[in-house]
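None of the figures in this text is laboratory data; all of them are computed from the coordinates on show. Model, not experiment: these values are computed from the prediction. Heads up, the Cβs are rebuilt from the backbone with ideal geometry, glycines too, and the neighbour counts pull from every protein chain shown.
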Amino acid sequence: MSEQLAPAPAPAPSSELLQSAGDAEGGNKNWRKDKEEKEEEEAAAGALVGEEALCAPTALLSLSRKAPDQGPTESKLELHPLLSRWALWFFKNDRSRAWQDNLHLVTKFDTVEDFWAMYSNIQLASKLSSGCDYALFKDGIEPMWEDSRNKRGGRWLVSLAKQQRHSELDHLWLETLLFLIGESFEEHSWEVCGAVINIRAKGDKIAVWTREAENQAGVLHIGRVYKERLGLSSKTIIGYQAHADTATKSNSLAKNKFVV
Ligand code: MGP
């Protein structure tokens, strides 16, 4: 774990973070109020983000974010900035709608504390229904092949067996998130766009998306560091596929451009 991430308690830091943010009970009341207001806003806007995924993380994030000039009693939280601002997206499969219309922006964050506030207040990936995804992308990059920062890129894909959902999925996804926001890829950090987890009955998938499928050195570096970070054995092979191949594949899996 990088030095920047060290202050974050793991793996269940929510109560600590929220308590240190101040009056936890008052916070809960505010949270419920904020949640009701947010639900009304979403209903009004027709943006129905899956209840199963969300517990008003944006409202909770505001509890932990204290302005630095709030005075000595209220500014006890020292926030630890991340190198980039990140956006969490949620996808819920509704076949009556276009793929893009099922994609919802949940929240954005740019500090270690807000990352944990977000993580602690959304549903674990293993508890989502089949067909749902989470995606964490750098702010400004949409989690789709069509985005200009993705269209020449590809993904390192970790395909899991069905039985791994209960034993390993949440751990691997959390490691993936920390891997991303820690940005320890040396000069290749700019190449990382984000990561996606697909919850699927046929077997779940986690992937790290990078920007340039033709940049062999960068892609391989990221793949090696990622594989090591996940603690995958040398016998486990993960493959990298260009989005252009995935988007036009004729069978179930696009061909691997690289493997590590
Ligand atoms: P998926 O959700 O990535 O994988 O793509 P799944 O459900 O495991 O299916 P499989 O085909 O990999 O076995 C499912 C479908 O969603 C794709 O075939 C596309 O129709 C659509 N889709 C997925 N993504 C990531 C995109 C995207 O970035 N853009 C668009 N337009 N459609 C996408």
Report, to one decimal in Å, the Kirkwood hydrodynamic radius for segment 207-260 based on all distinct Cα pairs. 11.8
Segment 76-126: projected area of the alpha-carbon convex hull, averaged over directions, in nm²: 4.6
Ratio of alpha-carbon Rg to the 2.2 N^0.38 Å globular estimate for segment 112-158, to two decimals, please. 1.40
May I ask for the percentage of alpha-carbon pairs in segment 128-256 that lie more than 25 Å from each other? 18
Ranked from highest to lowest mean number of other Cβ atoms within 10 Å per residue, what is the order of the peptides 153-166, 93-106? 153-166, 93-106
Multiply the residue gap between Ser130 and Ser159 by 0.36 nm, knock off their C-alpha separation, and tell me the result in nm, one decimal place. 9.0 nm
Residue order, fewest to most beta carbons within 10 Å, for Trp145, Trp89: Trp145, Trp89
Label-point separation (nm) for Ser250 and Ser84, each offset 7 Å from Cα along Cα-to-Cβ? 3.5
With Asn251 itself left out, Lys, Arg at +1 and Asp, Glu at -1 over residues whose Cβ is under 15 Å from its Cβ give +2
What's the extension gain from Lys257 to Ser96 if we count 0.36 nm per residue and subtract their Cα-Cα distance? 54.6 nm
